[in-house]
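Okay, so here's the structure we're looking at.
We did not get these values from a lab; they are worked out from the coordinates using the rules stated. Just so you know, these numbers come straight off a predicted model, no measurement behind them. Positions of Cβ are backbone-derived with ideal geometry, glycine not excepted, and every protein chain shown enters the neighbour counts.
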Amino acid sequence: MEKPFNVVILGSGRGSNAEAVLAAQRAGRLGQARVAGILCDQPGARMLELGPRFGVPAVYLDPAPFKTKLEGAAEQRYIAQIRAWQADLVVLAGFMRVLKTAFLEAFAGRIINLHPSLLPAFPGLDAIGQALAARVAVTGCTVHEVTAQVDAGRILRQTQVLIAPGDTVESLAAKVHAAEHELLPAVIAELSQRGRK
Ligand code: GAR
């Protein structure tokens, strides 16, 4: 049997995008890809409940001692687990930490990130709030390759979302998330067909 295209998802919170990927897999819409495991840096995160629900390993891995980056012993723990799951692709879906050199080199060319704006517009934190504050008419979401420069790697695909005059952070976030839930599984399916990256 052909080896599956193993995807490992990293996140920090709700996990609605990880759930969308798992649901796409269940529905046969993830190409050759299958989720080999989920890693989370927050012990009580809702994302971890996806493990038993979908029958995949979902593990909290201690990210200490840093608050906003993954480096040193924690970085090595993450690398070891992702290697143990034989990842062909590492997907950052709401993973709120900056990745450093050892991690980027371990999975070079095989890490993608989901971001809630049309990059290069509104990189960094609170991209949805930034778009509202800038009073733009259109925002969206982006899947891009991860490089050492945050939110700046090659863009793989984007979806536009229109901002209505009465939109709040909550209403706009709901629209962006709905677009993300379509975009991310579609990109993973496409990468899995293109062969082992
Ligand atoms: C998503 O909107 C994703 O684009 C964003 O975090 C959310 C995670 O939601 N990522 C970033 O802002 C990265 N800079 P989820 O946990 O429900 O999938």
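Consider all pairwise Cα distances in the stretch 82-133 and report the whole-number % of them above 14 Å. Let's see the in-between values first.
Numbers: 786 of 1326 pairs.
The calculated P(r) of the stretch 82-133 puts 59 percent of pairs beyond 14 Å.
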Among A20, A58, A133, the residue with the largest mean-square fluctuation in a Gaussian network model of the chain built from Cα contacts under 10 Å is A133
P(r) of the stretch 9-123 over all Cα-Cα pairs, 10 Å bins starting at 0, rounded to whole percent, reads 14, 47, 34, 6
With the label point 7 Å along the Cα-to-beta-carbon line of S171 and a cut-off under 14 Å to each amide N, the hits in the stretch 98-140 are 132
Within the set E19, E170, E180, GNM on the chain using Cα springs under 10 Å gives the largest fluctuation to E170
Extension length gain for K3 and T68 (0.36 nm per residue less Cα distance), in nm, is 19.9 nm
Taking max minus min of the Cα coordinates of the stretch 1-71 on each principal axis, largest first, gives extents in Å of 41, 22, 16
Env charge @ G15, Cβ radius under 13 Å, K,R +1 / D,E -1, value -1
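Which of the trypsin sites (Lys or Arg not before Pro) found in the stretch 65-132 are loop residues per DSSP with 14 or fewer other Cβ atoms within 10 Å of their Cβ?
Numbers: sites: K67, K69, R77, R83, R97, K100, R110; in loops: K67, R97, K100, R110.
Taking the stretch 65-132 and a limit of 14 other Cβ atoms within 10 Å, the loop trypsin sites (Lys or Arg not before Pro) found are K67.
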Taking max minus min of the Cα coordinates of the stretch 82-197 on each principal axis, largest first, gives extents in Å of 47, 28, 21
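State the antiparallel share, in %, of DSSP beta bridges confined to the chain, rounding to the nearest 5.
Values: 11 of 30 bridges.
Among the beta bridges of the chain, antiparallel pairing accounts for roughly 35 percent.
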Using alpha carbon centers only, the stretch 80-131 is separated from the stretch 1-63 by a whole-angstrom value of 15 Å
On the formula 1/(1 + (r/R0)^6), with r taken between the Cβ atoms of R135 and V98 and R0 of 22 Å, the FRET efficiency rounded to 0.05 is 0.15
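Based only on Cα atoms, what Rg/Rh ratio does the chain have, Rh being taken as Kirkwood's radius? Mind dumping the intermediate values first?
Values: Rg = 16.2 Å, Rh = 17.0 Å.
Rg divided by Rh gives 0.95.
Report the per residue volume, in Å³, of the convex hull enclosing the C-alpha atoms of the stretch 140-197. Let's see the in-between values first.
Values: hull volume 5.0 nm³, N = 58.
Enclosed volume per residue, from the Cα hull, is 87 Å³.
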